[in-house]
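Coordinate-derived values only; no laboratory data. Every value quoted in this text rests on a predicted model; they were computed, and no experiment measured them. Glycine also receives a Cβ, built like all others from the backbone with ideal geometry; neighbour counts cover every protein chain displayed.
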Amino acid sequence: MIPLIASLALAQDARGWIQYVNRTDLFSVMLPRAPEARQTTHVSAYDVIYPARVYSVEDGASVYSLTVVDYTEAERRHATRPDPTDATSGEGFWVGDVRASVVHAAEAFRQRGGDVTYAGYAVVDKIEGQQLQIVNPDQSRSFVAIHLHASRLYILEARVPKNAPPPALFPQSLRIIDEQGRRIRYTLDPDGQRVKVDLTRLGNDLDTVEQLVVE
């Protein structure tokens, strides 16, 4: 469990959810309560193992999880991999591994089983990604969002019972933040070129809500 550093009077929506802010993995998200955190690993599209953390909350029969995969040392991990080949040791090969992470994570959900009822493009503050909706073999439903920013992969899954309403708040509330806790936002052109928006000039660089902050 990552220790709680500061707890303010928690920001709550009408359902009593809180805004959870994590400055270690640089995100904020709405959750029923502060999540449990555990360390894990993630095997990439090019079979390299990366560290990851899973933040999860059980709320009755529903489960909300956010996995953050740390690709920030991709170049070093590729350079030191124990099984290099001519195909995997080329200069810049590691870049493709990072860039393929969203598609690779989405494919892992498809291979898990169930009926994919929706798959589409998604953006969070113009940070591109993918969304999936899946009817699982037990008839529960998974609502998935996957985004990549600054070599960190964010994988969100809300798994809810068959007749539960869609948990739209969870994936839509994701915010990527900087080390000072400030929300990051971009503009985006048709070629995918991003320009960071200076939110301080707009007077709303920080969301004006009280937060549960975890380092």
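A full extension of the chain between Glu179 and Thr72 corresponds to an added length of 37.0 nm, given 0.36 nm per residue minus the alpha carbon distance.
For region 89-174, the list of GluC sites (Glu not before Pro) that fall in a loop by DSSP and count at most 12 other C-beta atoms within 10 angstrom reads Glu91.
Annotation for Leu188 and Gln172: the two label points, set 7 Å from Cα along the Cα-Cβ direction, are 1.7 nm apart.
Give, in nm to one decimal, the length gained when the segment between Val135 and Gln39 is fully stretched (0.36 nm per residue of separation minus the Cα-Cα distance).
Numbers: separation 96, 0.36 × 96 = 34.56 nm, distance 2.74 nm.
Working it through step by step, the gained length comes to 31.8 nm.
Wrap a convex hull around the Cα atoms of region 100-190, take a quarter of its surface area, and give that in square nanometres. Value for region 100-190: 6.6 nm².
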